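The values are calculated or read from the model by the stated rules, or taken from the named source; none is laboratory data. Remember, predicted model here, so these are calculated numbers, not experimental data. All Cβ positions, even for glycine, are placed from backbone atoms using ideal geometry, and neighbour counts span all protein chains on display. In case anyone asks, the SASA skips ligands and DNA or RNA and just uses the protein heavy atoms, side chains included. Shrake-Rupley method; radii C 1.70, N 1.55, O 1.52, S 1.80 Å.
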Amino acid sequence: MSEQPRTPAPTPPGAPEPQPLRWFGTSWLNRDNGYWPRRVAVSIGSLVAAAAVVLVLRFGIEGIALSDNGTFLNGLLTAAIAVCSMMAVRRTWKVLTEGKDQLEGWMAEDKSLGAVWLIGGAGSLLAYFARSLVEAPGEAVQRAAYERAVVQFEKRQASRSGRPDTKAPGRGKRKR
């Protein structure tokens, strides 16, 4: 006997739909349709991209070192890159585990700290890589939101049971 692919049950009208994730679509819900190869590809891709960013930053640091501005400036630049990377790791990890709407304070700043997020891009990509080893990045946030929506939908459906969708016969509008 060959096992046929499972067909999803038809969803009732008004039922919540899962939101797609970047690179994964809605395959994160049942972890099907190429979910695992995509997770491997995302992990490898983010690691390769982080290596490329580190290489570009290294060229920048070497360029400053060649200008003979002194070891203080080189150390300051290295420290700035390290701090920016740590800030980007913390922000990216929080976005992937709790959602962007949970950001507050300095983490919520997109425009004013754009240069920090750019310089810390390697750290952000490494956080993305680490999260992709556990799950599809952002899956926990989407899964929690989807499960909340399903529970709310089921509660609404249960409260309607026994009551017709339309008004009972004989109950028209009140006359004034």
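Data for the structure
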read-out	value
Extreme residue, most open to solvent (accessible area, probe 1.4 Å), among residues of the range 143-176 that are among the polar types (S, T, N, Q) and at pLDDT below 90	Thr166
Helices (runs of 4 or more DSSP H) completely within the range 69-142 that count 2 or more residues being open to solvent by less than 60 Å² (accessible area, probe 1.4 Å) and closer than 22 Å to Pro20 by Cα	71-98, 121-134
Verdict on Leu96 being of a type outside the set (Ser, Thr, Tyr) and either under 30 Å from Arg148 (Cβ atoms) or touching a Ser or Thr at 6+ places or on another chain (Cβ under 7 Å) (or both)	yes
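Yes/no per residue for (1) within 15 Å of the chain's Cα centre (by Cα); (2) touching a residue at least 40 places away in the same chain (Cβ under 8 Å); (3) under 30 Å from Gly138 (Cα atoms):
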position	(1), (2), (3)
Phe59	no, no, no
Gly75	no, no, no
Lys94	yes, no, yes
Glu109	no, no, yes
